[in-house]
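Peer 1: Structure below; questions to follow.
The values are calculated or read from the model by the stated rules, or taken from the named source; none is laboratory data. This structure is a prediction, so every number in the text was calculated from the model and none was measured. Please note: Cβ atoms are built from the backbone with ideal geometry, for glycine as well, and neighbour counts cover all protein chains shown. Each accessible area value is taken on the protein alone, full model and side chains, heavy atoms only, with ligands, DNA and RNA left out. Shrake-Rupley method; radii C 1.70, N 1.55, O 1.52, S 1.80 Å.
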Number of protein chains: 2
Amino acid sequence: MKLTSRGRYAVMALVDLARFDNVNPVSLRDISLRQGISLDYLEQIFSKLKKDQIVKSTRGTQGGYVLSKKPNEIKLTNIFQAVDEKVKTVQCKKDSKKGCNGKATKCITHNLWDELESHINSFFEKKSLEDLLKSNKENRL
Amino acid sequence: MKLTSRGRYAVMALVDLARFDNVNPVSLRDISLRQGISLDYLEQIFSKLKKDQIVKSTRGTQGGYVLSKKPNEIKLTNIFQAVDEKVKTVQCKKDSKKGCNGKATKCITHNLWDELESHINSFFEKKSLEDLLKSNKENRL
DNA sequence: TACATACCTGACTAAAATGGTCAAGTATAG
DNA sequence: CTATACTTGACCATTTTAGTCAGGTATGTA
Ligand code: FES
Ligand code: FES
């Protein structure tokens with residue numbers, strides 16, 4: 001079970017963005033430099049974040065990205081969903097009634113993995129960007 | 001974030017084993033047939049489980065595997081550790097003081113991922129094989 | 001208007017991880 | 001002696017990941 005870089009970077013970049021997003025949009029180049037993330041990769045990530053309306057963009061000189069919601073309205077769930085960082089613990093298809101082994105009933109451990117998935121998701125639903133900003137400030141004292 | 005088949009199979013196989021392990025050892029062939037897992041793959045998995053002393057083996061005809069501890073002493077943590085299904089949320093090396101970006105300090109989201117890792121692991125530490133057997137019985141009523 | 005900045009898009013790819021298979025054993029009950 | 005079942009290690013196809021690269025397009029500023 002590991003977190004992918006895409007998901008990690010998405011959150012990292014958004015925290016960075018939120019910290020510097022006062023009036024002016026923040027350019028990806030700045031985020032790239034501050035966080036040490038490839039610019040090209042960031043562009044891929046932000047196009048996804050934009051499609052899910054987590055950020056807004058303005059083009060041209062002095063352009064960049066801005067959050068399109070308040071930090072407390074952006075949960076980790078939303079971010080991960082936008083960049084396709086999905087939690088997947090079961091093997092079988094969710095909607096189907098068949099088990100992962102192809103049999104007619106769900107397998108012997110299916111419920112366990114379902115429980116695990118909920119357990120993990122609950123973490124993502126609790127945490128908002130605002131929480132991250134706060135705890136980040138505390139660490140700097 | 002997804003669970004690998006190796007981890008999923010390991011747990012599945014052990015639950016199966018625990019259910020049929022009364023007096024006689026259970027052969028991998030039986031588990032393979034009942035759970036629809038490739039026999040060759042199961043062998044790989046069980047060699048790891050054996051190395052961590054979660055199961056014991058007897059060779060020859062009528063041979064097979066037996067749990068080497070009581071079901072309530074075997075936590076998911078132990079199983080996952082045995083088969084290298086490790087939870088990894090941070091990018092940086094745990095022991096090093098450097099951040100994932102190569103900088104001298106831990107990155108802006110490091111603590112978050114650490115928290116996530118603990119959150120997930122706490123689930124694995126709570127669940128024992130016995131719990132799984134119980135909830136499996138309940139489902140059969 | 002020219003130009004630099006910065007978003008935008010899609011194709012491409014090297015490397016790693018995953019989920020196995022295959023082959024050739026060895027030990028033991030019956 | 002022979003069938004069963006554990007043991008070991010090499011091998012491999014596919015998928016995923018983590019990017020790079022090459023071209024755009026929009027826009028503020030000089
Ligand atoms: S994981 Fe859903 S049936 Fe096995
Ligand atoms: S994840 Fe540990 S420093 Fe970034």
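Peer 1: Just to confirm, what accessible area per residue do you get for the stretch A:5-138 at 1.4 Å probe, in whole Å²?
Peer 2: Value for the stretch A:5-138: 54 Å² per residue.
Peer 1: If I measure Cβ to Cβ between cysteines in chain B, which ones have no partner under 4.7 Å?
Peer 2: B:107
Peer 1: Using unit Cβ charges (K, R positive; D, E negative) and no other charged atoms, how large, in debye to the nearest 20, is the dipole of the protein assembly as shown about its Cα centre? Walk me through the intermediate numbers first.
Peer 2: Working: 54 positive and 34 negative charges, 48 e Å.
Computed charge dipole of the protein assembly as shown: roughly 240 debye.
Peer 1: Would you mind checking the radius of gyration and Dmax of the protein assembly as shown based on alpha-carbon positions, in Å?
Peer 2: In order Rg, Dmax, the Cα atoms of the protein assembly as shown give 22.7, 77 Å.
Peer 1: With N set to the number of residues, divide the alpha-carbon radius of gyration of the stretch A:1-101 by 2.2 N^0.38 Å and report two decimals.
Peer 2: Its radius of gyration relative to the 2.2 N^0.38 Å reference: 1.25.
Peer 1: Just checking the output field for A:7-16: average partner chain Cβ neighbours within 10 Å of each residue's Cβ?
Peer 2: Partner-chain Cβ atoms within 10 Å, mean over residues of A:7-16: 4.
Peer 1: A further question follows. What distance in nm lies between label points placed 7 Å from Cα along the C-beta direction at residue B:53 and residue B:30?
Peer 2: 2.6 nm
Peer 1: May I pose another question? Using Cα pairs closer than 8 Å and at least 6 residues apart in sequence, work out the relative contact order for chain A, in percent.
Peer 2: On the way: 159 pairs, mean separation 35.1, N = 141.
So the answer I get is 25 percent.
Peer 1: Hey, got a sec? Which trypsin sites (Lys or Arg not before Pro) in the stretch A:1-68 land in a DSSP loop and have at most 14 other Cβ atoms within 10 Å?
Peer 2: The qualifying sites are A:59.
Peer 1: Distances from residue B:19 to the same position in the other copies: list them in nm, one decimal, shortest first, using label points 7 Å from Cα along Cα→Cβ.
Peer 2: Distances between equivalent label points, in nm: 5.1.
Peer 1: In nm, one decimal, shortest first: how far is the label point of residue A:84 (7 Å from Cα along Cα to beta carbon) from the matching points in the other copies?
Peer 2: 2.7
Peer 1: What is the sum of charges around residue B:27, taking Lys and Arg as +1, Asp and Glu as -1, for the other residues whose C-beta is under 15 Å from the C-beta of residue B:27? Kindly include the intermediate steps, with their values, before the conclusion.
Peer 2: Numbers: positive: B:19, B:29, B:34, B:50, B:56, B:59; negative: B:16, B:21, B:30, B:40, B:43.
So the surrounding residues net to +1.
Peer 1: Using a 10 Å cut-off around each Cβ of peptide A:37-47, what is the average number of partner chain Cβ atoms that fall inside? If you can, show how the numbers build up before the last one.
Peer 2: Values: counts 2, 0, 0, 0, 0, 0, 0, 0, 0, 0, 0.
Going residue by residue through A:37-47 and averaging, the value is 0.
Peer 1: Next question. Can you give the mean number of other chain Cβ atoms that lie within 10 Å of the Cβ atoms in peptide A:90-97?
Peer 2: 1
Peer 1: List the distances, in nm to one decimal, from the label point of residue B:50 to the label points of the same position in every other copy, shortest first, placing each label point 7 Å from Cα along the Cα-to-Cβ direction.
Peer 2: Computed spacing set for this position: 5.7 nm.
Peer 1: Each residue of the stretch A:67-73 in turn: what ³J(HN,Hα) in whole Hz from Karplus with 6.51, -1.76, 1.60 and θ = phi - 60°, glycine and Pro shown as x?
Peer 2: Whole-Hz 3J(HN,Hα) from phi for the stretch A:67-73: 5, 9, 9, 6, x, 7, 9.
Peer 1: At what distance in angstrom do the alpha carbon centres of the stretch B:56-89 and the stretch B:11-46 lie from each other?
Peer 2: With the stretch B:56-89 and the stretch B:11-46 each reduced to a Cα centre, they are spaced 11 Å.
Peer 1: Hey, what do the phi angles of the stretch A:41-52 turn into as Karplus ³J(HN,Hα) couplings, whole Hz, using 6.51/-1.76/1.60 and θ = phi - 60°, x for Gly and Pro?
Peer 2: Rounded to whole hertz, the list is 5, 4, 4, 4, 5, 6, 5, 6, 5, 6, 4, 8.
Peer 1: A follow-up question, please. Springs between alpha-carbon atoms under 10 Å, Gaussian network over chain A: tell me which of A:52, A:40, A:21 tops the mean-square fluctuations.
Peer 2: Comparing A:52, A:40, A:21 in the GNM, the peak value goes to A:40.
Peer 1: Right, here's the next one. Too long at a 27 Å Cα-Cα cut-off: which of A:75/B:137; B:56/B:86; A:56/A:126; A:69/A:134?
Peer 2: Listed pairs above 27 Å: A:75/B:137.
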